[in-house]
Amino acid sequence: DFGRSSELAFVVEPSDDIAVQEQPLVLYCQVEGIQPITITWRKNGVMIVDSENAFMLANGSLYVSRFQRLRGDGSSDEGEYDCMAQNHYGLLVSRKAKIQAATMSDFHIHPQNAVVEEGGVARFQCQIHGLPEPVILWHKNSMPVNTDNERYTLLPKGVLQITGLRAEDSGIFHCVATNIANVKFSREARLTVSGSHSTVYKDPMILVGPENLTLTVHQTAVLECIATGNPRPIVSWSRLDGRPIGVEGIQVLGTGNLMISDLTVQHSGIYVCAANKPGTRVRRTAQGSLVVQAPAEFVQHPQSISRPVGTTAIFTCVAQGEPPPQITWLRNGQILETSDHIKLKNNNSTLSIYGINQADEAIYQCLAENSAGSTQASARLTVLWADGLPSPPQGVRAETVSATTIQVSWEKPLQNTKEIIGYVLHIRKAADPVEMEYQEAVSKSTFQQLVTDLEPSTSYSFYIKAYTSRGASKASEVTVVSTLGEVPAMPSLFIKVINSTTVQATWEPSIKLGQHEGFKLYYRKVHLSQYTGPVLLASNVTAYNITHLDASVVYEVKLLAYNQHGDGNSTVRFVSLRETVERTVLNPPCDCMKDEQNNKTSTTGIIIGIHIGVTCIIFCILFLMFGYRGRLLMCKNVQEQLSTPQIPRSQRSATGLVLNGATRRDRDDRDLNGKQLDMNELERLFPASPSQEQQEKGITSAHSLSASHDETQISTLPLDEFSIIEEQPDPLPKNPHGSSPAAPAPDHGAANEG
């Protein structure tokens with residue numbers, strides 16, 4: 001029964017047609033499926049009863065003996081016809097066939113007389129409406145126009161074009177319109193060809209451009225474009241969107257008319273006709289739009305399915321067309337109405353039936369329709385039902401336990417309970433669609449279930465099914481109950497000390513608080529029992545400053561959220577302002593300017609000390625290179641003077657110390673003494689028999705050298721005791737004996753700090 005051949009389906013459906021007045025009309029309908037099958041017909045949704053004028057044939061087709069566009073009683077045989085087929089499994093409706101009467105109106109555009117110079121272009125037009133579209137032919141001097149002449153172009157919409165006119169083209173023209181309803185003749189028009197071909201230059205000009213057309217796929221479109229000018233312009237075509245027109249099915253009629261055969265949706269667009277003067281950029285353009293419609297057709301058909309009771313059935317029907325088709329669903333030939341367990345999604349492309357039962361067993365049809373046509377597809381839903389299944393569970397009750405918990409209880413079914421393997425509890429928010437339902441499985445020996453993690457102040461619906469290995473029972477009665485309201489959760493609270501009399505309480509907004517109307521803030525001194533507050537704050541407030549506090553005591557701050565169900569639990573914090581006051585006393589503000597000056601002084605001393613050390617190193621290197629002891633004495637003398645505390649500027653003599661040694665005169669005298677020392681050293685190293693006077697002199701010199709060596713001490717000069725003494729510019733008095741002047745005794749009791 002579930003094979004494709006057994007499905008109730010149409011083999012032939014009625015199609016759109018144009019009927020001739022007083023002539024018979026046959027509408028075909030052929031169905032296959034499991035017998036017996038009953039076929040009936042409807043016109044405009046109303047059942048057709050067999051009569052002398054219209055009755056059904058044995059093969060299911062409808063026969064109209066004499067088609068009448070308008071009867072004496074005002075009725076008409078025109079309309080939309082459909083065929084309905086029904087068997088044991090359901091009812092099927094065919095596509096709608098639009099039946100129209102063949103007609104032909106009078107000409108509303110007739111050809112007009114024309115006088116055109118030789119070599120020019122002549123155009124005649126006649127226009128008439130009819131069903132089906134009339135075929136228009138042209139006659140010249142009562143004879144059909146010779147269509148083999150390349151200069152004569154006949155367009156489908158009743159246009160005659162003649163290019164390169166000659167004298168023999170003069171004559172009388174008229175058109176003849178023909179269809180199955182009638183034959184009609186237009187008025188006559190005279191064409192006069194005057195003068196000879198002109199050689200005067202004329203700019204290109206488009207006499208007639210393309211019209212806006214709306215056609216259906218597989219039809220033929222003719223876009224007219226006729227241009228004049230001297231020299232004769234070249235006509236070209238393009239699309240406004242820049243896409244290529246292509247070559248397949250494209251043909252040029254006459255000197256510039258574009259014909260597109262076997263239209264597709266891709267041919268839709270705006271077409272531009274251009275008349276170009278040969279060899280130049282001079283051109284004129286005209287444009288027209290072409291809209292190609294496509295009747296609805298299915299990309300995906302719905303498929304027949306079989307589902308157990310209580311499950312979900314889904315049908316999918318995807319159609320395409322231009323314009324996009326509208327999709328309608330039928331159930332056994334009637335428009336399907338949605339409900340809690342029947343839903344349409346994705347622009348009606350998906351039909352979902354939740355919790356199916358035997359009443360949902362039917363034939364479901366998808367109708368796709370647009371302005372270009374309609375089509376239909378069908379599928380059958382079979383609901384599987386096994387004998388001996390349990391009856392629905394009894395006595396379903398739901399009781400609220402808390403804001404997030406409900407307890408559901410039930411009793412076992414009255415019939416066929418031996419094969420029960422368990423129960424399934426179906427849970428859903430009462431305001432949610434059926435597809436949001438979820439289930440919880442329960443063992444066969446359990447008759448109650450605690451449903452947790454629910455939302456506060458929310459209504460929920462519950463029903464139960466009993467399951468066996470062969471299927472499920474029908475659903476129990478649905479019970480609806482609401483959870484209790486819930487007070488807000490504890491807010492997070494932080495305290496920040498602003499100054500000695502003010503603290504700031506801050507908290508974070510959080511969804512964990514739940515629905516709340518606002519906050520209550522309390523505070524007190526810890527040794528008191530009475531709180532100050534509550535301070536009521538809106539739900540969007542997240543901070544509050546508590547002022548005019550006593551810095552000598554500890555405060556307790558309490559914050560809670562509240563709603564219509566009451567106050568939530570509070571968050572408590574303790575804060576003391578005493579530490580803030582003590583920090584202010586113990587840590588007075590620093591004298592940053594003074595510290596900065598001290599730092600600058602220390603840095604300067606370090607730099608000067610580095611320079612002194614580098615100077616000493618240089619002197620020592622010179623000593624090692626030349627090996628003169630005189631240099632050693634000079635270095636020692638410099639270090640001795642640097643290590644000696646400096647006298648005040650007021651007591652300083654002209655022989656004051658400079659950074660790298662003594663004055664220039666002192667250096668000269670020391671050089672002279674150095675030479676004497678060198679001579680004494682040679683005499684000591686290479687002894688001779690000098691005179692007594694020379695020996696005494698050498699002894700004296702040696703003693704003097706020894707004494708000078710013993711008194712010299714190398715010491716390190718601290719940076720903070722080092723001072724730079726400027727060299728005195730005053731000239732020094734000369735000793736009459738040629739020796740250095742005596743330096744004033746250093747004052748060891750005073751020192752200049754750097």
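The values are calculated or read from the model by the stated rules, or taken from the named source; none is laboratory data. Worth saying up front: this structure is predicted, and the values here are computed from it rather than measured. Please note: Cβ atoms are built from the backbone with ideal geometry, for glycine as well, and neighbour counts cover all protein chains shown. Calculation scope for accessible area: heavy atoms of the full protein, side chains included, ligands and nucleic acids excluded. Shrake-Rupley method; radii C 1.70, N 1.55, O 1.52, S 1.80 Å.
For region 217-225, does any single residue satisfy the condition of being surrounded by fewer than 16 Cβ atoms within 10 Å (Cβ to Cβ), within 17 Å of residue 272 (Cα to Cα) and acidic (Asp, Glu)? Among the residues of region 217-225, not one is surrounded by fewer than 16 Cβ atoms within 10 Å (Cβ to Cβ), within 17 Å of residue 272 (Cα to Cα) and acidic (Asp, Glu), which makes the answer no.
Of all the criteria given as (1) of a type in the set (Val, Ile, Thr); (2) farther than 30 Å from residue 193 by Cα; (3) over 50 Å from the mean Cα position of the chain (by Cα), the one not satisfied by residue 121 is (2). For region 440-456, the set of residues classified as more than 35 Å from the chain's Cα centre (by Cα) and either part of a strand (DSSP E or B) or not aromatic (Phe, Trp, Tyr) (or both) consists of 440, 441, 442, 443, 444, 445, 446, 448, 449, 450, 451, 452, listed by residue number. Selection of region 29-44 for residues being surrounded by fewer than 18 Cβ atoms within 10 Å (Cβ to Cβ) and over 11 Å from residue 61 (Cβ atoms) yields 32, 34, 35, 36, 37, 38, 44.
A residue that is under 13 Å from residue 104 (Cβ atoms), touching a strand residue (DSSP E or B) at 6+ places or on another chain (Cβ under 6 Å) and among the polar types (S, T, N, Q) cannot be found anywhere in region 157-168. Scoring residue 289 on the criteria (1) part of a loop (DSSP other than H, G, I, E, B); (2) open to solvent by 30 Å² or more (accessible area, probe 1.4 Å) leaves a single failure, condition (1). You will find that of 342, 327, 356, the residue that is touching a Leu at 6+ places or on another chain (Cβ under 8 Å), without any contact (Cβ under 8 Å) to a residue 60 or more places away in the chain and closer than 30 Å to residue 216 by Cα is 327 and no other.
Results for (1) in a loop (DSSP other than H, G, I, E, B); (2) of a type outside the set (D, E, K, R), shown as yes or no for each residue.
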| residue | (1), (2) |
| --- | --- |
| 280 | yes, yes |
| 285 | no, yes |
| 293 | no, yes |
| 298 | no, yes |
| 328 | no, yes |
| 337 | yes, no |
| 352 | no, yes |
| 369 | no, no |
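Of all the listed residues (484, 537, 528, 560), the sole one being of a type in the set (A, V, I, L, M, F, W, C) and either crowded, with 19+ Cβ neighbours inside 10 Å or touching a helix residue (DSSP H, G or I) at 6+ places or on another chain (Cβ under 6 Å) (or both) is 560.
Does residue 502 meet the test of being among the polar types (S, T, N, Q) and within 35 Å of the chain's Cα centre (by Cα)? Taking the combined requirement at face value, the residue does not satisfy it. The number of residues in region 407-443 that are open to solvent by less than 60 Å² (accessible area, probe 1.4 Å) and hydrophobic (A, V, I, L, M, F, W, C) comes to 9. On inspection, residue 452 passes the criterion of being among the hydroxyl-bearing types (Ser, Thr, Tyr) and open to solvent by 50 Å² or more (accessible area, probe 1.4 Å). Scanning region 229-239 for residues that are surrounded by fewer than 20 Cβ atoms within 10 Å (Cβ to Cβ) and over 14 Å from residue 268 (Cβ atoms) yields 230, 231, 232, 234, 236, 237, 238.
Tell me, yes or no, whether region 6-27 has at least one residue that is within 57 Å of the chain's Cα centre (by Cα), open to solvent by 60 Å² or more (accessible area, probe 1.4 Å) and of a type in the set (Gly, Ala, Ser). Yes, the conditions are met somewhere in region 6-27. Consider residue 193 carefully, then state whether it is more than 18 Å from residue 117 (Cβ to Cβ) and either open to solvent by less than 90 Å² (accessible area, probe 1.4 Å) or within 47 Å of the chain's Cα centre (by Cα) (or both). So residue 193 fails the test.
Here 522, 544 are screened, and the one residue that is in contact with a Gly (Cβ under 6 Å, 6 or more places away or on another chain), hydroxyl-bearing (Ser, Thr, Tyr) and either outside any strand (DSSP E or B) or surrounded by 13 or more Cβ atoms within 10 Å (Cβ to Cβ) (or both) is 522.
Can you tell me which condition residue 135 does not meet? The list is (1) among the hydrophobic types (A, V, I, L, M, F, W, C); (2) open to solvent by 50 Å² or more (accessible area, probe 1.4 Å); (3) more than 60 Å from the chain's Cα centre (by Cα); (4) closer than 16 Å to residue 107 by Cβ, and all the others hold. That leaves (3) as the condition not met. Restricted to region 307-325, and to residues there that are at pLDDT below 90 and not in a loop (DSSP other than H, G, I, E, B), the residue that is nearest to the chain's Cα centre (by Cα) is 307. Tally time: how many residues in region 299-346 are surrounded by fewer than 19 Cβ atoms within 10 Å (Cβ to Cβ), in contact with a helix residue (DSSP H, G or I) (Cβ under 8 Å, 6 or more places away or on another chain) and closer than 17 Å to residue 367 by Cα? Going through region 299-346 one residue at a time, the tally reaches 1.
Of all residues in region 56-71, exactly one satisfies the criterion of being over 60 Å from the mean Cα position of the chain (by Cα), of a type outside the set (A, V, I, L, M) and open to solvent by 70 Å² or more (accessible area, probe 1.4 Å), namely 66. Count of region 392-406 residues, restricted to those that are assigned to a loop (DSSP other than H, G, I, E, B), crowded, with 17+ Cβ neighbours inside 10 Å and within 47 Å of the chain's Cα centre (by Cα), is 1.
Considering only residues in region 170-222 that are in a strand (DSSP E or B) and of a type in the set (Gly, Ala, Ser), the one that is nearest to residue 135 (Cα to Cα) turns out to be 177. When region 463-483 is examined, which residues are found to be closer than 15 Å to residue 309 by Cβ, in a loop (DSSP other than H, G, I, E, B) and among the aliphatic types (A, V, I, L, M)? Scanning region 463-483 gives a single hit, 475. In summary, residue 271 fulfils each of the numbered conditions (1) modelled with pLDDT of 95 or more; (2) outside any strand (DSSP E or B) with the single exception of condition (2).
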